[in-house]
1. Within the set of pairs 6+ apart or on separate chains, which have a first residue in the stretch A:261-289 that is closer than 22 Å to A:GLY300 by Cβ, a second that is surrounded by fewer than 20 Cβ atoms within 10 Å (Cβ to Cβ) and among the polar types (S, T, N, Q), and C-beta atoms under 8 Å apart?
2. Would the stretch A:196-206 turn up any residue that is within 28 Å of the chain's Cα centre (by Cα), open to solvent by less than 20 Å² (accessible area, probe 1.4 Å) and among the hydrophobic types (A, V, I, L, M, F, W, C)?
3. Does B:VAL96 satisfy the condition of being surrounded by fewer than 17 Cβ atoms within 10 Å (Cβ to Cβ) and touching a His at 6+ places or on another chain (Cβ under 7 Å)?
4. So for the stretch B:121-135 (the condition being away from chain A (no Cβ under 12 Å), open to solvent by 10 Å² or more (accessible area, probe 1.4 Å), touching a Ser or Thr at 6+ places or on another chain (Cβ under 8 Å) and of a type outside the set (D, E, K, R)), does at least one residue qualify?
5. Of the residues A:VAL222, A:VAL247, A:VAL267, A:VAL261, which single one is assigned to a helix (DSSP H, G or I) and within 14 Å of another protein chain (Cβ to nearest Cβ)?
6. Would you point out the residue of the stretch A:311-324, among those that are crowded, with 21+ Cβ neighbours inside 10 Å and among the small types (Gly, Ala, Ser), that is nearest to A:ALA75 (Cα to Cα)?
7. Of everything in the stretch B:273-307, what is at pLDDT 95 or above, outside any loop (DSSP other than H, G, I, E, B) and open to solvent by 50 Å² or more (accessible area, probe 1.4 Å)? Give them in sequence order.
8. Being surrounded by 19 or more Cβ atoms within 10 Å (Cβ to Cβ), over 15 Å from the mean Cα position of the chain (by Cα), small (Gly, Ala, Ser) and within 11 Å of chain A (Cβ to nearest Cβ) is true for just one of B:GLY155, B:GLY141. Which residue is that?
Protein chains: 2
Amino acid sequence: MQSLLLALDFGGTKHAAAVIGRGERTWRAYKRVSSIAHPNAESDMQIMYGLAYELLAGEQPAAIGVSFGGPVDAAAGTVILSHHVTGWENIPLVQVLEQEFHAPAAVDNDANVAAWGEYRSGAGQGADSMLYITVSTGVGGGWILKGKIWQGADGMAGEIGHTVVDPNGPLCLCGKRGCVERLASGPYIARRAQEWLEAQPERGKILRGMVQGNLDAVTAQVTSAAAAQGDELAWDALYVAAWGLGVGIGNAINLINPSRVILGGGVTKSGERFWQVLRETARATALPQMRVDIVAAALGDDAPLWGAAALAEQIADLEADKHR
Amino acid sequence: MQSLLLALDFGGTKHAAAVIGRGERTWRAYKRVSSIAHPNAESDMQIMYGLAYELLAGEQPAAIGVSFGGPVDAAAGTVILSHHVTGWENIPLVQVLEQEFHAPAAVDNDANVAAWGEYRSGAGQGADSMLYITVSTGVGGGWILKGKIWQGADGMAGEIGHTVVDPNGPLCLCGKRGCVERLASGPYIARRAQEWLEAQPERGKILRGMVQGNLDAVTAQVTSAAAAQGDELAWDALYVAAWGLGVGIGNAINLINPSRVILGGGVTKSGERFWQVLRETARATALPQMRVDIVAAALGDDAPLWGAAALAEQIADLEADKHR
């Protein structure tokens, strides 16, 4: 019986692969690479094949788990599209990989797979029901309910980033005002700080200094660093993100009453003050009888890869049961 | 084998009971009564015993299903409290009923049991996952996920009424601004219409006429009737409710992506224009890839009783399996 699991993570700008033995808790081999300048589905596949064959080193995987950065029909094993890379429309990725590697495969979108990773190997262990949220370029989410990924009727569940928390708030690309992503994602935090620096010339001295007056160089990370050093404009820009996330999480708690909420992604590394506002706002939004257990993700950027490995383990176990 | 199921519905101001045969689709006997003037848990129980013994007419039930109008620990079979009636704190209702009737019993809160009723016998039949919402004195909700009631980690799931959709909106009794209940429940619709009638003496002629100038007599039902006759102030007051519900439902769809949303309660009888705003707002709030299948409840005030009967059938089946 083959015991090697292959985990693949197709990102928008980075790809990663790893191999791990069944039941093991550390990678046997792991590699993460950047995508090429003008990627398409074919170049993504070539990069991933290269990574996989290198890490497998001639061995045959027992199963393959895949995280994909875009909408996926998990039941059919098909990628619906990528928002970042052309050519991914309706690609039967599970079938393609099964033919290439002669092993069963499973795929889901990155937020669901990362949620699965945190549940099986990270901060979600032991939680009966959990919501995983990643806050970086966008705001994504995935549910684990009764020990299973909850995909929803159209495979789209977990879109906390597009819930509305302030209908009079700023306009998002999605066409709505004041959705969580518009308030809390990294690029929008940066944009808010930039706009306020332009409109309020007397404020934001520390932040201005950090980018040497070049407002185009303001990022969420720099904003967070300036806030940590006492820049009040930077903090105000971060506050909006923490508040928006807090209301969105509080609403999700009211609706589903999960036992745990797990937050990952670059924006959540914005310090204790950020977390405090987020937790207090979620607490004030949720009904008092509900637990509000909001913790940091444990697996960082590798959450999708760990989730992919756990997916692979699951189908390897199913195959083993079939042949018993 | 006894084949009679006893269904009980403890409401705040009304109680109902019914008996039905296993596998049957019409009540063998059914009775609904008003509560007494100053009720307590004991008077509620006496009324319910009276109803039950009358309807059972000497027969022994195979199982008992119970809907309770307040927070319940369904796993323990215990009522946590009633917001309307004193003396219900930590009453082990399942145990009490099992001793009284010598039959297995199950209890859950009214929103969950009504959701279960609509799923098993009403507008939710065939839905893989559904959110049931009742909009009347308050706004309550219950989830059916993968064919089971979803209670949540603290038994509190489904509280769409206390999700925030307008943080700058009016203050609710719960301490938050612009939660769905504050915008959409019957008493708050009436209050909004009253306040606008006071502040805008030139508007609301039809509505004023209907209550003969007595603003205290304005209810949500009268507001709805006035709106149907073309009163624009009344319609504006209803519009806020439809809009708030629409955003709340759209947010719930983004989070869980259910296959169906079912709406019951008096406020939802406010006509086609109300439903149109509600559906359009939910559609605009949910991501375009998600289905937005929002339909009217089928069972009316009897939804909790039908759900209680379905609960009873479930435990009767479990008992039968045990003794097989």
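1. Pairs found: A:GLY265/A:SER136; A:GLY266/A:SER136; A:GLY266/A:GLN221; A:VAL267/A:SER136.
2. No, the stretch A:196-206 contains no residue that is within 28 Å of the chain's Cα centre (by Cα), open to solvent by less than 20 Å² (accessible area, probe 1.4 Å) and among the hydrophobic types (A, V, I, L, M, F, W, C).
3. It is false that B:VAL96 is surrounded by fewer than 17 Cβ atoms within 10 Å (Cβ to Cβ) and touching a His at 6+ places or on another chain (Cβ under 7 Å).
4. Scanning the stretch B:121-135, I find no residue that is away from chain A (no Cβ under 12 Å), open to solvent by 10 Å² or more (accessible area, probe 1.4 Å), touching a Ser or Thr at 6+ places or on another chain (Cβ under 8 Å) and of a type outside the set (D, E, K, R), so the answer is no.
5. A:VAL247
6. A:ALA312
7. Answer for the stretch B:273-307, where residues must be at pLDDT 95 or above, outside any loop (DSSP other than H, G, I, E, B) and open to solvent by 50 Å² or more (accessible area, probe 1.4 Å): B:ARG273, B:GLN276, B:ARG279, B:GLU280, B:ARG283, B:ALA284, B:ALA296.
8. Checking each option against the conditions leaves just B:GLY155.
The values are calculated or read from the model by the stated rules, or taken from the named source; none is laboratory data. Please read all numbers here as calculations on a predicted model, not as lab measurements. Cβ atoms come from the backbone with ideal geometry, glycine included; neighbour counts cover every protein chain shown. Only protein heavy atoms, including side chains, enter the accessible area calculation; ligands, DNA and RNA are left aside. Shrake-Rupley method; radii C 1.70, N 1.55, O 1.52, S 1.80 Å.
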